[in-house]
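> Dropping a structure here in structure tokens format, bear with me for questions.
The values are calculated or read from the model by the stated rules, or taken from the named source; none is laboratory data. Given the structure is predicted, the values throughout are model-derived calculations rather than measurements. Cβ coordinates were reconstructed from backbone atoms using ideal geometry, including for glycine residues, and neighbour counts include every protein chain displayed. SASA here: full protein model, heavy atoms, side chains in, ligands and nucleic acids out. Shrake-Rupley method; radii C 1.70, N 1.55, O 1.52, S 1.80 Å.
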Amino acid sequence: MSKKLPDLASPFAKYRKRIEKYLNFSRITPRQKFWFGFIILCLLTTLLLDNPFLRSNGETYKEGDVVRETIVSPADISQTDDAETERMRDSARSSVRPIFTFEANRTEQASQSFRLFWEKLNRKSDNTNSKSNTSNVNSTGKATVGSEADKVFLSRKYTTTEIDAISRILRENANGYIYNDSDEPFLTSDIIVVDRQKPNEQSSVSSPKMNMISLSIARDKLSRNLNEIKSLSPKEIDAFNNALLPLIQPSVIFDSVATNRDKEAASQNTQPITISLKRSQSIAKEGDIVTSQMLSQINAIRNYTNSSRQSNKFFGLLVLISALYWIAWKFIEHRGIVPRLTLSEEKTFALFGFVVLVQTFLMALFFRLAEFTAAQNIKAPYNDTTLWSFALPFAFGSLLITLLADRRTALFTGLFTSILAGFLAPKSLEFVVYAAISSAVAVYGIGRYRTRQSVTLAGALVGGLSALVAVALIGYMQLPFILNTILLAVGCGLFSGLITSSVTSVFLPICETMFGILTDVKLLELSNADLPVLGQLAMKAPGTNQHSHAVGTLTEEACRAIGANGLLARIGALYHDIGKLGAPEHFVENQQGRNPHDKLKPSQSSKIIVSHVTYGIKLGKEIGLPQRIIDFIPQHHGTRTLHFFLRKAQAELREGEEVDENDFRYPGPKPQFKESAIMMIADSCEAAARSLEHPNAENIRFIVTKIIDAVLADDQLGECDLTLRELTQIRESLIKSLVAIYHSRVEYPGYVPPSSSMQRIIIPEELDSEERGLRYTNPADIPISKGGEIEDEAIDRSHQPNTEAKAKTVS
């Protein structure tokens, strides 16, 4: 048994062993693990139902919408309406009139600047060739130097009349209220004018644009007035225009600092708007039109629920969820015998909790998507969250549990998740009913899970029934039966079935692997002959492989006779002897010639034969076989003894020596379920039937009855729930199947089939038997141990057997 096989483990099995290596929970008792998981499950579910990132803000309204459900204040609420308060403050700010500063001496400053400029120009008229004394006037009214204006102003002597006219034009156009063009937006309404020389005095100006002039217009008017002086040439007019335009400046200037100061003062003086609501006060009834006041009250309730007493809500919800999970645990613990389910109560509850967590997450996510979709639409019925919520996969949990476990647990799962849907849905009662009906359809609408197509058909059935229930709920909620509403509800219901089947298809193999659940499809996948371990069995131990297939057929038929899981038994039979891969030549079905046990001590032979059980268990775990399949490996032998090797060891004892019977006993345990018990019987019956020279109905009935009686006498069936009636049905099924398999061929009188040289090459004459071993004419001569087991390995094949002598030895 020291030979090593190639690594046949699946990638998932390798990763799982690595995780188990790092996560060592050996110090925690199973009970502590259960309650730790229970607490984590309750906390995660509560967080999914009341998570700040997934929490729904409820119905969103705007002014003019129709209220979709009655809104009542949950408590005494007194809150500041921030939106309304800010709107009032904005109104107060906008009511503040812009403040302008008036410069009354702008006209005198312009006239004086022009006189100073002209006097300076006359004093320097004798030095006209100087490059630095060409005159001009900047924006502040001070003289500057320029060569072009120098030539114009010094070209002749201007009369006093001309200078007075120019001075008069400047005073006329620089006089009055002149504002900067950039300040024009602030003059659309009344303004306040403050004289800089008298800052305590303010005057209000109505229609400022009517009483004021812009800077650009004042300067244009100056240019036109200069053109009216006939004695000035065009060049002189342009020179005086360039010199005088900068002297005209705004006399009314916008004071942004003072204006903003008054606006902030007005905003601060505005009192906050407070909304006061009493507990159970009706804010709006279904069908009302949302007003601005109603909208403020609705927002106050939303702000209260999102900010106040959240710890109380979370604690209360945690207690409720814990109570519901405790009820679920008690239901699973006391639900009775479930033939299909091979999980313990703890693992079943873990599966239930995992499915509920996934279902809750999907509901929370899809409800948010439904709200978002409704918010993106304005026109009814596409703005109704309720209609979009019909598309949620409410039946996912119950459908998954139906495929993995049993219908009772699945129906309870559907009702459980329906209650959780009520915590999330916009209309609690309606969606509890909708989810419960969808779940029930998923539970009782699916047939046997033998193909992946079953999930698709179940999703189609759920979608169709969900569409009908959605239309019924439209009538119950008194929504109008218009075409768009019905089509949207039907479409969402059908989409619900599609999402249910899709999500179920994703999580079904995940749960099968995580919890070691053997669905029919999973069992059929394990029967694939291309799997590495089955391929190794066919190549290295062909006799064992043939024996396994034959036992699988017998066991499956017997299981069908009593209503057990025949597919599980057949797949278990394929793997029940994989431990023989360690030393295939030490088992008679794989031998071609001498028996290796003829040269071994009985204890050595016993150790080799028994080790195929322990090695098979180890190999099964390494390749990731489900535990239920691994259970077939030790249980099909039970705790029976290797009777012939034990007797041989006792016969070889010297005086004073003793043989420990436990050294010649299989490790067990005895069969714990019906399928493994049936395999124990079928395994011996198949080997015995192949040893018969004449496998007729009478001989087969004799050996089958003898084997069953021996198994019963050895108390190997005491730990499984087989009844005597079922044993009778199993016996008759095995007899019928063995007769069908090993029936005698019809002999034609006078016909002797010719011998084939090719047949002698392929099958040597000394091995020309189906068993490649002994054939017994008398069924009573077959070596059946007191535990009902065939031990062909104990028979010496080093010489041609003497059947009669062997029969005496056996008896």
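> Starting at the first residue of the range 326-332, write each ³J(HN,Hα) from the Karplus equation 6.51 cos²θ - 1.76 cosθ + 1.60 with θ = phi - 60°, in whole Hz, x for Gly and Pro.
So the Karplus estimates, Gly and Pro as x, are 5, 4, 4, 5, 5, 5, 5 Hz.
> Leaving out ligands and nucleic acids, and using a 1.4 Å probe, what accessible area per residue does the range 683-724 come to in Å²? Working shown, then result.
Numbers: 1770 Å² over 42 residues.
Accessible surface, normalised per residue, equals 42 Å².
> Show the residues, 5+ positions off or on another chain, whose built amide H is closer than 5 Å to the amide H of Leu642.
Residues meeting the criterion, in which the H sits 1.01 Å from N, are Arg665, Tyr666.
> What percentage of the solvent-accessible surface of the range 414-475, computed with a 1.4 Å probe over protein heavy atoms, is contributed by carbon and sulfur atoms?
71
> Within the range 582-682, count lysine pairs with alpha carbon atoms under 24 angstrom apart where the residues are 8 or more positions apart or belong to different chains.
The number of close lysine pairs in the range 582-682 is 11.
> Using a 1.4 Å probe over the heavy atoms of the protein chains, calculate the carbon and sulfur portion of the accessible area of the range 515-667 as a whole percent.
47
> Where the accessible area of the range 222-377 is counted over protein heavy atoms with a 1.4 Å probe, how much of it, in %, is carbon and sulfur?
Solvent-exposed carbon and sulfur of the range 222-377 make up 55 percent of the total.
> So how do 230-238, 40-48, 72-80, 389-397 stack up, highest first, on mean other-Cβ count within 10 Å? All intermediate terms of the calculation are to be shown ahead of the outcome.
Details: 230-238: 13.0, 40-48: 18.9, 72-80: 15.0, 389-397: 30.1.
Packing order, densest peptide first, comes out as 389-397, 40-48, 72-80, 230-238.
> Then there's this: Which order do the peptides 456-465, 634-643, 568-577 come out in when sorted by mean C-beta neighbours inside 10 angstrom, highest first?
Values: 456-465: 21.2, 634-643: 23.6, 568-577: 27.5.
Ranked from most to least packed, the peptides come out as 568-577, 634-643, 456-465.
> Could I ask something else about it? Accessible area per residue, 1.4 Å probe, Å², for the range 488-610: what's the number? The partial results should precede the final answer.
On the way: 4520 Å² over 123 residues.
Dividing the accessible area of the range 488-610 by its residue count gives 37 Å².
> Next question, about the same structure. At 7 Å along Cα-to-Cβ for each site, give me the label-to-label distance between Ile327 and Lys209 in nm.
Each label point lies 7 Å from its Cα, and together they span 7.2 nm.
> Follow-up. Work out the length of the dipole vector of the range 500-620 about its Cα centre, built from +1 on the beta-carbon of each Lys and Arg and -1 on the beta-carbon of each Asp and Glu, and round it to the nearest 20 debye.
On the way: 10 positive and 10 negative charges, 107 e Å.
That gives the range 500-620 a dipole magnitude of about 520 debye.
> Rank by packing, highest mean first: peptides 276-284, 289-297, with packing defined as the count of other Cβ atoms within 10 Å averaged across residues. The partial results should precede the final answer.
Numbers: 276-284: 13.9, 289-297: 15.4.
Per-residue Cβ counts within 10 Å, averaged per peptide and sorted highest first, yield 289-297, 276-284.
> Sequence gap of 8 or more, or different chains, plus Cα separation below 21 Å: how many lysine pairs satisfy both in the range 179-322? Don't skip to the end; give the middle numbers.
On the way: Lys209/Lys221; Lys221/Lys230; Lys221/Lys235; Lys278/Lys313.
Counting lysine pairs in the range 179-322 gives 4.
> What is the extension gain from Val66 to Ala713, computed as 0.36 nm multiplied by their sequence separation minus the C-alpha to C-alpha distance, in nm to one decimal?
On the way: separation 647, 0.36 × 647 = 232.92 nm, distance 8.09 nm.
Separation in residues times 0.36 nm, less the Cα-Cα distance, equals 224.8 nm.
> Between Lys786 and Tyr476, what FRET efficiency follows from the Cβ-Cβ distance if R0 is 45 Å, with the result rounded to 0.05?
Details: r = 71 Å, r/R0 = 1.58.
Calculated transfer efficiency: 0.05.
> Could you report the range 269-419's accessible area per residue, 1.4 Å probe, as an integer in Å²? Please list the in-between numbers first.
On the way: 7100 Å² over 151 residues.
Per-residue value: 47 Å².
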